[in-house]
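What follows is a set of notes on a single structure, which appears directly below.
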Amino acid sequence: MKIKNIKLFLLFLFPVVCTACVDNNAVMGKKSGSEQILKDFVAFESEKGVKQWTLKSAEAVINDSQKNVQLKAFTVDFYDKDGITIKSVLKADAGRMDTSKNDFYTKGRTTMKSTVDGLLESTDLYYKAQTKLIYGDSYVKLTRKDSVIEGSGFEATPDFSSVIIKENTVDVKESK
């Protein structure tokens, strides 16, 4: 009788021990790492209490271990020196943000409109927070009140007060 009880006990114990050895992430279908998916994601950068820009994305996939955020349908408002007045707005279909540096990259259709003068159209733009410059090597078109400049490769400040377009052609509009 004693041997029968021990066999029953071992028979019961075996599945319990085996379940403890299973990787719960594999069973549950969870992704490894520390990924989070957020709707209506907002990020901003400030310097000495003055807001530099605000990024808003319809959806963001945050990966803490890689220190990046994948963005879908996002806009970035760049602010004037007062941190209140918007000087330009960037809109992109998709992109990513480096959370360790606050740099971001656009992928696909991208536009940037200055509140003063200018509309920039391109793809694959970069913003480097350390230099506060937007740059890229892809095709770019800058439309202003009096001209249209097209080219490949550029560097600009967010308010377009300084714009360098490499390999460019200029179409000057006639004044009426």
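Out of every Cα-Cα pair in the range 79-121, what percent are more than 16 Å apart? Every Cα pair in the range 79-121 considered, those over 16 Å come to 51 percent. Longer than 24 Å from Cα to Cα, which of Lys51/Lys141; Lys56/Lys132; Lys39/Lys67; Lys51/Lys101; Lys113/Lys166 are they? Say none if no pair is. Check vs 24 Å cut-off fails for Lys51/Lys141. Each Cα pair of the range 32-172 feeds into the Kirkwood radius, which the Stokes-Einstein equation turns, at 25 °C and 0.890 mPa s, into a diffusion coefficient of 159 µm²/s.
Taken about its Cα centre, the range 32-172 carries a charge dipole of about 200 debye when Lys and Arg each add +1 at the Cβ and Asp and Glu each add -1 at the Cβ. Which one of Tyr139, Ser161, Tyr126 has its Cα pushed farthest toward the positive end of the charge dipole of the range 114-163, where Lys and Arg give +1 and Asp and Glu give -1 at the Cβ? Final value for the positive-end residue is Ser161.
Each reported figure results from applying straightforward, stated rules to the coordinates on display, with no laboratory input. Since the structure is predicted, the reported quantities are computational estimates derived from the model, not experimental observations. Heads up, the Cβs are rebuilt from the backbone with ideal geometry, glycines too, and the neighbour counts pull from every protein chain shown.
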